[in-house]
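Student: My structure is below; once you've seen it, I'll send some questions.
The values are calculated or read from the model by the stated rules, or taken from the named source; none is laboratory data. What you see is a predicted model, and the numbers here were worked out from it, not measured in a lab. Here the Cβ positions follow ideal geometry from the backbone for every residue, glycine too, while neighbour counts run over all protein chains shown.
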Amino acid sequence: MADIREQYEKENAWGLLSSIDIYECDPEKIRSKDAIIEYVSRLCKLIDMKQYGDPIVVHFGKGQTEGFSLVQLIETSLISGHFANESNRAFIDIFSCKPYDPEKAAEFSKDFFGGKSYRLNVCIRK
């Protein structure tokens, strides 16, 4: 995280975006609205972000696209997620103009959803 924070400050960045793809999730977790709401609350505490209002969690779609979607505004931007029932994958995006530890967020997310592995992409926005 020190490298990300240093780069963030050196580049006078606007924000930090993390995209976390989680594979082979626990089907019960990604199909539970209550679990997704608990997840985003715990994630915000972990990365020191303040939730702005309640999360929006909606189930829709068919086939490959069926599953819950999440939007949680935070005071420094937003967290979103898409949960694919057919493939048991989760796709989480965290964008904030306040720095945070992307690896910590990714590990927590994988563990929370019982994933076997994840891919993390990080982008510093200028």
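Student: Looking only at segment 76-100, which residues are within 12 Å of the chain's Cα centre (by Cα) and among the charged types (D, E, K, R)?
Tutor: Once the filter is applied, which keeps residues that are within 12 Å of the chain's Cα centre (by Cα) and among the charged types (D, E, K, R), segment 76-100 yields only 93.
Student: Going by what's in this entry, would residue 120 be described as surrounded by 15 or more Cβ atoms within 10 Å (Cβ to Cβ), more than 13 Å from residue 19 (Cα to Cα) and not aromatic (Phe, Trp, Tyr)?
Tutor: So residue 120 does not fit the description; no.
Student: Mind checking which residues of segment 78-108 are out of contact with any Asp or Glu (no Cβ under 7 Å at 6 or more places or on another chain) and among the acidic types (Asp, Glu)?
Tutor: Within segment 78-108, 93, 101, 103, 107 meet the criteria.
Student: Next question, about the same structure. With respect to residue 100, is the statement that it is among the aromatic types (Phe, Trp, Tyr) and in a helix (DSSP H, G or I) true?
Tutor: no
Student: Residues that are farther than 16 Å from residue 75 by Cβ and surrounded by 12 or more Cβ atoms within 10 Å (Cβ to Cβ): does segment 9-17 have at least one?
Tutor: Looking through segment 9-17, at least one residue is farther than 16 Å from residue 75 by Cβ and surrounded by 12 or more Cβ atoms within 10 Å (Cβ to Cβ).
Student: Could you pull out the residue among 38, 6 that is modelled with pLDDT under 95, on the phi < 0 side of the Ramachandran plot and part of a helix (DSSP H, G or I)?
Tutor: 6 is the lone residue from the list that is modelled with pLDDT under 95, on the phi < 0 side of the Ramachandran plot and part of a helix (DSSP H, G or I).
Student: Looking only at segment 62-106, filter to residues that are surrounded by fewer than 18 Cβ atoms within 10 Å (Cβ to Cβ) and among the β-branched types (Val, Ile, Thr); which one of those is nearest to residue 28 (Cα to Cα)?
Tutor: Out of the qualifying residues, it is 65.
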